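K.L.:
I have a structure I would like to understand better, so I am pasting it below and will then ask my questions one at a time.
The values are calculated or read from the model by the stated rules, or taken from the named source; none is laboratory data. Source: prediction; values computed, not measured. Note that each Cβ is placed from the backbone with ideal geometry, even for glycine, and that neighbours are counted across all protein chains shown.
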Amino acid sequence: MATLTIGIFSSLIGSMSFDFALKLAETAANKGHKVNLWLSGNAIGLVKNNQKHLKDYSTGEKPLKALLEKGVEVCTCEACTLARGIQKTDAIGGVQWNAMHWYLAKIHHSDRVLHIGGE
Amino acid sequence: MADTKLAFIVQRPPYKSENPKLAVTHAISYQTVEILLEDGETVTPTLCFIGEGVLACLKGQKAMEHYGITSTEMHVKSALLVDLNVLVCKEDIDRFGITEDKILDADDMGADKKIQVVPYDAIQKAIESANHVLFF
């Protein structure tokens, strides 16, 4: 089995890039691959807890929790997250908080990297 | 004992989005990645500016004065200070009418490295020699 690292910089709401990344992560994890998710820039909105799923908007909380249960490692950029006013007490449990070198280290140990840039 | 080569390709203009800044700060983080790697494992980024991304390499940016934030110029200078290879596309600065004397340096910070103004072929080679390519 391979290791896939996905870096997401796109916002959860506003494009379907994020939805694609979560579905790809789920598919890879279901096939037995090791998956890492790095959230940076506007992507960090995913880690906020108590998201309300309105049908007109993408939602990330439920898929993220499912990925965490499958063993997917998810890490949010601490600086990006704090800068947007989200504290650890507001965040979904199980998500790691770290600096950008987390992403580079995961890339180093990955067979494939998918970098989804921001808007 | 392995080195992972990364090509950071910055194609978007500074300040319109966060992308150029994030590219530079992520590349700079190679300085501390060793705390998460085994002995002998390294990550070597090359930072390449193409298209509108070359605007990030202009000297004299006034982001702190106008926006109250660190300028992309300061981030790129920090990249030079930590010995990152920084390439900027010659064809693209020519298209914008930017002469090489307008390209920033980090001499005032004591950096040995300088931005290399190179033809796109050299950036293509950096992309081809990288293990992974990250577009910003």
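K.L.:
(1) more than 14 Å from chain A (Cβ to nearest Cβ); (2) of a type in the set (A, V, I, L, M); (3) not in a helix (DSSP H, G or I): which one isn't true of B:LEU47, the others all being true?
P.N.:
Failing condition for B:LEU47: (1).
K.L.:
Residues to consider are A:LEU82, A:LEU68, A:LEU114; find the one that is at pLDDT 95 or above and closer than 26 Å to B:GLU41 by Cα.
P.N.:
A:LEU114
K.L.:
Further question: Among the residues of the range A:1-48 satisfying the criterion of being of a type in the set (Phe, Trp, Tyr) and outside any helix (DSSP H, G or I), which is nearest to the other protein chains (Cβ to nearest Cβ)?
P.N.:
Of everything passing the filter in the range A:1-48, A:PHE9 is nearest to the other protein chains (Cβ to nearest Cβ).
K.L.:
So, one more: Scanning for something crowded, with 17+ Cβ neighbours inside 10 Å and over 19 Å from B:VAL82 (Cα atoms), does the range B:22-31 turn up at least one residue?
P.N.:
Checking the range B:22-31: not a single residue is crowded, with 17+ Cβ neighbours inside 10 Å and over 19 Å from B:VAL82 (Cα atoms).
K.L.:
Restricting to the range B:48-92, what's the tally of residues that are more than 14 Å from the chain's Cα centre (by Cα) and closer than 16 Å to B:GLN116 by Cβ?
P.N.:
Residues that pass the stated criteria total 3.
K.L.:
Would you please name the residue that is surrounded by the most Cβ atoms within 10 Å (Cβ to Cβ), looking only at residues in the range A:78-119 that are of a type in the set (A, V, I, L, M) and out of contact with any Ser or Thr (no Cβ under 8 Å at 6 or more places or on another chain)?
P.N.:
By that ranking, first place goes to A:ALA105.
K.L.:
Do you know which of the residues in the range B:1-10 that are closer than 16 Å to B:ILE123 by Cα and more than 9 Å from chain A (Cβ to nearest Cβ) is surrounded by the fewest Cβ atoms within 10 Å (Cβ to Cβ)?
P.N.:
Ranking the candidates gives B:LYS5 first.
K.L.:
Among the residues of the range A:78-109, what is the count of those that are touching a residue at least 60 places away in the same chain (Cβ under 8 Å), facing chain B (nearest Cβ under 8 Å) and not hydrophobic (A, V, I, L, M, F, W, C)?
P.N.:
1
K.L.:
Quick check on my filter: what residues within the range B:11-34 are more than 7 Å from chain A (Cβ to nearest Cβ) and more than 15 Å from B:HIS132 (Cβ to Cβ)?
P.N.:
The answer is B:GLN11, B:ARG12, B:PRO13, B:PRO14, B:TYR15, B:LYS16, B:PRO20, B:LYS21, B:VAL24, B:ILE28, B:GLN31, B:GLU34.
Here's the yes/no breakdown for (1) among the hydroxyl-bearing types (Ser, Thr, Tyr); (2) in contact with a Lys or Arg (Cβ under 8 Å, 6 or more places away or on another chain):
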residue	(1), (2)
A:SER58	yes, no
A:ALA66	no, no
A:LYS70	no, no
A:GLU73	no, yes
A:CYS80	no, no
A:GLN87	no, no
A:ILE92	no, yes
A:GLN96	no, no
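K.L.:
What is the one condition in (1) free of Cβ contacts under 8 Å to residues at least 60 places away in the same chain; (2) within 19 Å of B:GLU18 (Cα to Cα); (3) not in a helix (DSSP H, G or I); (4) not basic (Lys, Arg) that A:SER58 does not satisfy?
P.N.:
A:SER58 satisfies all of (1) free of Cβ contacts under 8 Å to residues at least 60 places away in the same chain; (2) within 19 Å of B:GLU18 (Cα to Cα); (3) not in a helix (DSSP H, G or I); (4) not basic (Lys, Arg) except (2).
K.L.:
For A:LEU54, state whether it is loosely packed, with under 13 Cβ neighbours inside 10 Å and either aliphatic (A, V, I, L, M) or over 19 Å from A:HIS101 (Cβ atoms) (or both).
P.N.:
Spelling it out, A:LEU54 is indeed loosely packed, with under 13 Cβ neighbours inside 10 Å and either aliphatic (A, V, I, L, M) or over 19 Å from A:HIS101 (Cβ atoms) (or both).
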